[in-house]
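Participant: Structure in structure tokens, see below.
The values are calculated or read from the model by the stated rules, or taken from the named source; none is laboratory data. Keep in mind the model is a prediction, meaning the values are calculated, not measured. FYI the Cβ positions are ideal-geometry reconstructions off the backbone, even for glycines, and counts take in every protein chain you see.
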Amino acid sequence: MTQNSGSIVPDTAVLTEPRRDDPWADVLGDLEMAGVFCSTGRFSEPWGIALPALPGILMYHLLLTGRAVVDVDGQTYDLAPGDLVLVPHGTGHRITGGPDDPASGLWEVERTVVAERYEQLRIDGGGRPATLICGAVGFADPGVGRLLASLPPVLRAPQEAQGPERGWVRAVVEAIGHEARHPRPGTDVVTARLADVVLVHAIRGWLESDEPASGWLAALRDPALGPVLRAVHADPAAPWTLGSLAAEARASRSVFAERFAAVVGEPPMTYVAGHRMDVAARLLREPGASVAAVARRVGYESGPGFHRAFVRRHGTTPGAWRATPTPRTLEDVLGA
């Protein structure tokens, strides 16, 4: 094990050890989406909608036909049919038919409620038409917040995928468009699921192409820190210590601790404790889960210790968390 400019450099033997070919499988596998809101919009220029800020909620717009402009904090993005824009941090923004079109508040737009989580929106300005899918999604795993925080303020994914993906991405977009044009029983479910596929595709494309210098994703890519994160995620109940984590990284405790904090943004054992509580939060929502059983599954034999750690992480008790239903509609999120 050697050090170079403050970074961890694994031995050659470590670099040649077998590693997972797809480290993003764990990341994308955690994207268990809890559909909050999905709508099909049929608009004609001039049209526009002002979306409120929804902290912790990922919002997206998929343009099917026509044109649209998304404005996030003064940065504008022109959309062509098939383009997808993600606003991962839930930032308030506007989507309009053109850069000078006025934007109405979300609740001022004419709407038809089709199902609990699916609506059809309409603005008839008499001009050029546009059709799009808009959505806001939450995630079952609170730990996904680390992934979302690592994403840029706006993530744009054009329809034209590269290589073998090009055909199926276009097919999914066309299927969404067909459901939007020909609604029938189950359209709300089909539209939401297909949109989720395109959304995960966009996030995967960004994961594969960008190179963040710091943060959780940078740590996952790091040849020494990545195995540590995967080990913790694979077995959160293990009796992790700073020494055992450093051993996974093939580094001394001091070098490992400094590197981990610099890249991830928090000390290693703080990360372990937070991840355990994020796993616990997800498990507590499973039918029949008991607080004691969940505590044991994340490595706690002491009920009071688990209780204190959970409150520190999530601001509420395990029992209260379990009893609180997951938000299902946009009204639920805004009223939370």
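Participant: Which of (1) over 26 Å from the mean Cα position of the chain (by Cα); (2) assigned to a loop (DSSP other than H, G, I, E, B); (3) surrounded by 15 or more Cβ atoms within 10 Å (Cβ to Cβ) does P99 not meet, given it meets every other one?
Facilitator: So the condition that P99 fails would be (3).
Participant: Does V279 meet the test of being under 30 Å from R117 (Cα atoms), aliphatic (A, V, I, L, M), touching a residue at least 40 places away in the same chain (Cβ under 8 Å) and in a helix (DSSP H, G or I)?
Facilitator: For V279, the condition - under 30 Å from R117 (Cα atoms), aliphatic (A, V, I, L, M), touching a residue at least 40 places away in the same chain (Cβ under 8 Å) and in a helix (DSSP H, G or I) - is met.
Participant: On to the next question. Looking only at region 103-113, decide whether some residue is surrounded by 17 or more Cβ atoms within 10 Å (Cβ to Cβ) and in contact with a Pro (Cβ under 7 Å, 6 or more places away or on another chain).
Facilitator: Checked region 103-113: at least one residue is surrounded by 17 or more Cβ atoms within 10 Å (Cβ to Cβ) and in contact with a Pro (Cβ under 7 Å, 6 or more places away or on another chain).
Participant: Test L220 against the stated conditions and say whether it is under 19 Å from the mean Cα position of the chain (by Cα) and either at pLDDT 80 or above or among the charged types (D, E, K, R) (or both).
Facilitator: yes
Participant: Looking only at region 86-122, which residues are among the charged types (D, E, K, R), free of Cβ contacts under 8 Å to residues at least 60 places away in the same chain and farther than 25 Å from A202 by Cα?
Facilitator: Of everything in region 86-122, those that are among the charged types (D, E, K, R), free of Cβ contacts under 8 Å to residues at least 60 places away in the same chain and farther than 25 Å from A202 by Cα turn out to be D100, D101, E108, E110.
Participant: A further question follows. Is it the case that V263 is farther than 29 Å from S302 by Cβ, in contact with a Leu (Cβ under 7 Å, 6 or more places away or on another chain) and modelled with pLDDT of 90 or more?
Facilitator: yes
Residue-by-condition table, conditions (1) more than 30 Å from T324 (Cα to Cα); (2) buried (at least 19 other Cβ atoms within 10 Å of the Cβ):
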position	(1), (2)
A234	no, no
A237	no, no
A246	yes, yes
A261	yes, no
V264	yes, yes
P267	yes, no
H275	no, yes
A280	no, yes
L284	no, yes
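Participant: Here is a further query. Find the residue count for region 51-96, including only residues that are assigned to a strand (DSSP E or B), touching a helix residue (DSSP H, G or I) at 6+ places or on another chain (Cβ under 6 Å) and over 25 Å from S150 (Cβ atoms).
Facilitator: Residues in region 51-96 being assigned to a strand (DSSP E or B), touching a helix residue (DSSP H, G or I) at 6+ places or on another chain (Cβ under 6 Å) and over 25 Å from S150 (Cβ atoms): 1 in total.
Participant: Which residue pairs have Cβ atoms closer than 6 Å, lie 6 or more positions apart in sequence or on different chains, and pair a first residue in region 66-85 that is without any contact (Cβ under 8 Å) to a residue 12 or more places away in the chain with a second residue that is surrounded by fewer than 22 Cβ atoms within 10 Å (Cβ to Cβ)?
Facilitator: Filtered contacts from region 66-85: D78/V69.
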